[in-house]
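The values are calculated or read from the model by the stated rules, or taken from the named source; none is laboratory data. A quick note: this is a predicted structure, and the numbers were derived from the prediction, not measured. Quick reminder, even Gly has a Cβ in these numbers, built from the backbone with ideal geometry, and neighbours come from all protein chains shown. In case anyone asks, the SASA skips ligands and DNA or RNA and just uses the protein heavy atoms, side chains included. Shrake-Rupley method; radii C 1.70, N 1.55, O 1.52, S 1.80 Å.
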Amino acid sequence: MRKRNRHVSVWMNEQEYQHLKKQAELAGLGIDPFIRTLTAGVQMRPRPRPPDTYAALLRELSAIGNNVNQIAYWANATKGIGKAEIAEAAALIRQAWRMVKETL
């Protein structure tokens with residue numbers, strides 16, 4: 001048995017339909033779930049799905065965090081850190097900032 005037993009039909013012109021379809025795609029939903037979300041009392045529009053570049057950005061930031069942690073561990077264990085390690089960490093941070101700026 002269906003959980004939803006009421007059907008609603010709405011006539012739209014092509015422009016309205018394309019707008020609805022685009023908004024649903026931006027939210028990462030199909031048209032039916034998108035309309036249900038809007039009618040469920042949501043005060044603001046559903047958030048758009050993040051761009052695909054976010055996954056790469058998160059991986060890069062995670063790698064930077066791991067490298068910085070390893071450098072800090074090594075520096076504490078040996079009571080010193082070389083210029084090469086500092087330069088590598090700085091380069092990774094600059095690369096992450098570039099990715100953030102490109103994404104925004």
| message | Tell me the carbon and sulfur percent of the accessible area for the chain, rounded to whole percent, probe radius 1.4 Å. | response | 57
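Counting helices only, and only those DSSP H runs with n ≥ 4, report the 222 nm mean residue ellipticity of the chain as the sum of -39,500 (n - 2.57) divided by its residues, in deg cm²/dmol to the nearest 500.
For the chain, the value works out to -22500 deg cm²/dmol.
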| said: Taking the solvent-accessible surface of protein heavy atoms with a 1.4 Å probe, what is the per residue accessible area of the chain in Å²? | reply: 88
| query | In degrees from 0 to 90, rounded to the nearest 10, what is the angle of the helix 53-78 Cα long axis to the longest principal axis of the chain? | reply | 20
| query | So for region 65-104, what are the equivalent ellipsoid semi-axes in whole Å, largest first, each being the square root of 5 times an eigenvalue of the Cα gyration tensor? | reply | 25, 10, 4
| Candidate residues TRP74, TRP97, TRP11: accessible-area rank, largest first, probe 1.4 Å | TRP11, TRP97, TRP74
| task | Give me the net charge of ARG2's neighbourhood, meaning all other residues with Cβ under 15 Å from the Cβ of ARG2; Lys, Arg count +1, Asp, Glu -1. | result | +3
| Using the alpha-carbon atoms, what tilt in degrees (0 to 90, nearest 10) does helix 83-103 show relative to the longest principal axis of the chain? | 20
| Which value results when the Cα radius of gyration for the chain is divided by 2.2 N^0.38 Å? | 1.85
| field | Order of exposure, largest accessible area first, which applies to ASP52, ASP32 with probe 1.4 Å | value | ASP52, ASP32
